[in-house]
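Have a look at the structure below before the remarks.
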Amino acid sequence: MTPEQARAALKKYFGYDDFRPQQLSIIESVYAGKDGIVLMPTGGGKSMCFQIPAVTMPGTAVVVSPLISLMKDQVDGLNAVGIRAAFLNSTQSGSESHGVETAYEDGELHLLYVSPEKLLSPGFFTFLKRRNICLFAIDEAHCISAWGHDFRPEYTQLKRLKEAFPDVPILALTATADRLTRRDMAEQLGIAEAQQFIASFNRPNLSLAVRPGRKRREQIINFLRDRPFEAGIIYCLSRKQTEALAGKLREAGYQAEAYHAGLPAAERARVQSDFINDKNQIVCATIAFGMGIDKSNVRWVIHYSMPKNLENYYQEIGRAGRDGAEADTLLFYSYNDYMTLKDMIGSNGNADIQLAKLDRMKEYADSLACRRRILLNYFSEDHGEDCGNCDICENPPERFDGTVLAQKALSAVARLRESVGVGMAIDVLRGSARAEIRNRRYDQIKTYGAGRDISAFDWNQYFSQLISLGYLYVAHEDFNKVKLAPAARRVLFEGETVELVKMTTIKERREQEDKKTAQRASVRKEKVGLFEELRAVRRELAQQFGIPPYLVFNDATLQEMVAEKPITDAEMARISGVGERKLHRFGDAFMTVIRKHVRREDKASRGDTPSHEASLQAFQGGATVQQIAEQRRLSENTVRGHLAKCYLEGADFDLTTLFRAEAPGWVEEAVQNLPESPGAKDVLEYITGKYGTDALDYGQLHLVNAYRQREAENATS
Ligand code: ADP
Ligand code: ZN
């Protein structure tokens, strides 16, 4: 097996031109019979690393996966591209599994997916040994380690694999494993020496944005307005929140459903299946949602509130844009959310670690530096430069000397004797006339009204900055009162200067973001016409073949069709994601729609000019028949037909450059020699039979006929 064979299989089955970083090295290592550990982010393309060996190596690849709900999807997806795959797990009837077993024994399967229980069931190894196995792929391999976050006791028995099949390479794949888990994983599987392949966790197609958690519903509805058809997930903290939000969104006219662990299993399955099949646009979910789904065309993910740590956050936003096309993520953040999470962690076993992780999450949300850099840093990856696709990069913050402002705030806190919350401190600074302030005589202190010129909203943000900078802190054990940190002294008494970020830039940023999304949306809307038509075709085919729509073609592939407008098999085959089987099965259905669309567009751009005259205009403008055909997305013969028609209608141009000089003579000869009024087919057969296949074609015959007809008319008049 060679890299060329691997590449050919990638093109033939999946329609992709190139491997992603690491994929080919992993495949080559399998070809060499070596064990390997693969760490790639969700959507990074792990499956390809065992699917390509499976179709290029002799024997069957056995894939062990704990996610039974995913097995069927994966197998359906493989079958749709012409790869022979099947699965064995506890959800099947006896006759179903019997059929699969027979297929395996007959050597008919490229891939066999099994659940760990099935793999370890008595006699199964003996069964497997009846055929040649080229590879064991262990998906979600972190489940084997008690260090990992999804430990599955049944996975620990997988160590028996290497003993029973010492010569078959093992590929352990995971999206989430720290160094310790990874080492443990390798040891448990008996492949401690295996090479580790660690792909970048960067997902550049995901945009990152954080917004203050105020008027969240309103912000969400604004966000959705630009995305009328795009599927997305909104992660909520509580079951109640999922239901309330889904209800509100439905009231606003969106298809939205709640999903949480409290729903009956059948209802959960239905919500999931409707989402996968594009029958429902939005799912408002607790974190339980998304684990077992492979839907690649999730276009956005919103966090209604902040997740507990960056691992969860990254995994959840990772469910967007798995097809590689642009996708947007949005995190709402407020200090209150942080406090709520902090309370939830409380003081249980490993509270310290959890609190530290929560603080890193908060730092991310608070950050005024490129968010992707922070994220990748967290996953021990140095990105080296700002990403250009996060809210901070889109509109970098501007700093100013905020010393006076900071002094006012800190001194207000000091004079209020550190006995009030942030809200009250701001009211005092703004000189509020609230009764409570008068009653407590806060209007008597020196800083009362010293910050009138700044809005309460802006003050809130400045307080957040002072907290992040370590001058103030909120004592949540003492009724969330805002207190002075030791560093505050230096500002109040030792002349330390304080740099703050201008609120105007934050506001401008928000405005710019709105503008940007609106622009993007209008680009999307322009394309919505054809894209929507293609989506409709996709839905129909999906139904017909009993698979989810994204397994017909994913969004990225449809988007490329919208941009390229392929109308021939050759053009269609060049679209990324269109392999041989899918071209054959689905190509025509999509091209029919694209051709119609192109013709409509052409008509619209021509205004009232009839199609054949538009071709003539282009011809008289100096374009060749081939160029006109390409420009107008027509066949060359159609263009020749157009020109012939114009000629017969009396247009004045030299037609004789479009066919060989001998052609009129040949046609004359054919007409003489064939029975009376021969059809075009007979004439053409006569001429190509006698003078060679490239002497004349249909389109040219059209032209010659037009030429002869006008000559004859001229002769008689
Ligand atoms: P993972 O299992 O790592 O979450 P998948 O294997 O499901 O990721 O791949 C995610 C998406 O990326 C799929 O739609 C897959 O077809 C696509 N993909 C994988 N490899 C390539 C490649 N070399 N070129 C283009 N797309 C790819
Ligand atoms: Zn950035």
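The values are calculated or read from the model by the stated rules, or taken from the named source; none is laboratory data. These numbers come from a predicted model, not from an experiment. Positions of Cβ are backbone-derived with ideal geometry, glycine not excepted, and every protein chain shown enters the neighbour counts. Heads up: the accessible areas ignore ligands, DNA and RNA and are worked out on the full protein's heavy atoms, side chains in. Shrake-Rupley method; radii C 1.70, N 1.55, O 1.52, S 1.80 Å.
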Item checked: Compactness of the range 584-654, expressed as Rg and Dmax over alpha-carbon positions, Å -> 13.4, 46
Note to self: If every alpha-carbon in the range 535-648 counts as one equal scatterer, what log10 I(q)/I(0) does Debye give at q = 0.13, 0.21 1/Å?
What the structure shows: -0.58, -1.06
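Counting heavy atoms of the protein chains only and a 1.4 Å probe, report the per residue accessible area for the range 285-386 as a whole number of Å². Walk me through the numbers on the way to the answer.
Working: 3860 Å² over 102 residues.
Here the residues of the range 285-386 average 38 Å² of exposed surface.
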Item checked: Average Cα contact separation per residue, the range 399-501, under 8 Å, 6 or more apart, as relative contact order % -> 40
Margin query: If you average the C-alpha positions of the range 111-184 and of the range 205-235 separately, how far apart do those two centres end up, in angstrom?
Written below: 39
Check: What is the range 582-717's relative contact order, in percent, from Cα pairs under 8 angstrom and six or more apart in sequence?
Finding: 23
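First select every other residue whose beta carbon is under 15 angstrom from the beta carbon of S273; then total the charges, Lys and Arg +1, Asp and Glu -1. List each step's numbers first, then the result.
Values: positive: K72, R268, R270, K279, K295, R539; negative: D73, D76, E257, E267, D274, D278, D294.
Result for the local shell: -1.
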Note to self: As I understand it, the dipole of the range 399-501 uses +1 on the Cβ of Lys and Arg and -1 on the Cβ of Asp and Glu, about the Cα centre. Which of Y442, L472, A456 lies farthest toward its positive end?
What the structure shows: Y442
Check: What are the extents of the Cα atoms of the range 399-501 along their three principal axes, listed from largest to smallest and rounded to whole Å?
Finding: 35, 32, 24
Checklist line | Percent of C-alpha pairs per 5 Å bin, the range 261-323, short to long | finding: 3, 16, 29, 26, 18, 8, 1
Next item on the list: Give me the distance in nm between label points sitting 7 Å out from Cα along the Cα-to-Cβ direction at N79 and E381, one decimal.
Entry: 3.5
Checklist line | Cα-based reach from K481 at 17 Å (exclusive), listing aspartates and glutamates while leaving out same-chain residues under 8 positions away | finding: D337, D343, E418, D427, E436
Item checked: Inter-label distance, nm, simple model (7 Å from Cα along the C-beta direction), E436/Q196 -> 5.3
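What is the magnitude of the charge dipole of the range 206-382 about its Cα centre, with +1 placed on the Cβ of each Lys and Arg, -1 on the Cβ of each Asp and Glu, and no other charges, expressed in debye to the nearest 20?
Numbers: 26 positive and 23 negative charges, 82 e Å.
That gives a dipole near 400 debye.
Can you give me the accessible area per residue for the range 520-605, using a 1.4 Å probe, in Å²?
Values: 4190 Å² over 86 residues.
On a per-residue basis, 49 Å².
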Checklist line | Cα→Cβ-extended label distance, 7 Å offset, between E669 and E630, nm | finding: 3.4
Next item on the list: Roll a 1.4 angstrom probe over the protein heavy atoms and tell me the percent of accessible area of the chain that is carbon or sulfur.
Entry: 48
Note to self: Run the reach check for K118 against lysines, Cα to Cα strictly under 20 Å, same-chain hits fewer than 8 apart removed. What comes back?
What the structure shows: K72, K129, K159, K162
Margin query: Show log10 I(q)/I(0) for the range 217-281 at q = 0.13, 0.16, 0.22, 0.26 Å⁻¹, two decimals, from a solvent-free Debye sum over equal Cα scatterers.
Written below: -0.34, -0.52, -0.98, -1.29
Next item on the list: At a Cα cut-off below 21 Å, give the lysines reachable from K596, other chains included and same-chain residues fewer than 8 away excluded.
Entry: K525, K527, K565, K582
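Given the peptides 687-699, 315-327, arrange them by the average over their residues of other C-beta atoms within 10 Å, most packed first.
Result, highest mean first: 315-327, 687-699.
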Checklist line | Positive-end residue of Q272, L658, Y333, charge dipole of the chain with Cβ unit charges | finding: Y333
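By how many nm would the segment from K12 to T592 lengthen if fully extended, with 0.36 nm per residue of separation less the alpha-carbon distance? Write down the numbers at each step before the final one.
On the way: separation 580, 0.36 × 580 = 208.80 nm, distance 2.27 nm.
Taking K12 through T592 to full extension adds about 206.5 nm, to one decimal.
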Next item on the list: Can you grab the distance from the C-alpha centre of the range 3-72 to the C-alpha centre of the range 685-699, Å, no decimals?
Entry: 50
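Charges only on Cβ, +1 for Lys and Arg, -1 for Asp and Glu: so what's the dipole of the chain about the Cα centre, in debye to the nearest 20?
For this selection, approximately 2980 debye.
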Check: Could you give the accessible area per residue of the range 399-501, probe 1.4 Å, as a whole number in Å²?
Finding: 52
Notebook entry, point to check: At what distance in angstrom do the alpha carbon centres of the range 416-447 and the range 637-674 lie from each other?
Noted result: 94
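Normalized C-alpha radius of gyration of the range 3-198, against 2.2 N^0.38 Å? Can you show the working numbers first?
Numbers: Rg = 15.6 Å, N = 196, 2.2 N^0.38 = 16.3 Å.
Taking N as the residue count of the range 3-198, the ratio is 0.95.
Can you give the relative contact order of the range 96-180 as a percent, counting alpha carbon pairs under 8 Å and 6+ residues apart?
Numbers: 71 pairs, mean separation 24.6, N = 85.
Result for the range 96-180 is 29 percent.
What Kirkwood Rh does the chain have if only Cα atoms enter the pairwise 1/r average? Answer in Å. Intermediate results must be reported in sequence, preceding the final value.
Numbers: mean 1/r = 0.0327 Å⁻¹.
After inverting the mean inverse Cα-Cα distance, the result is 30.5 Å.
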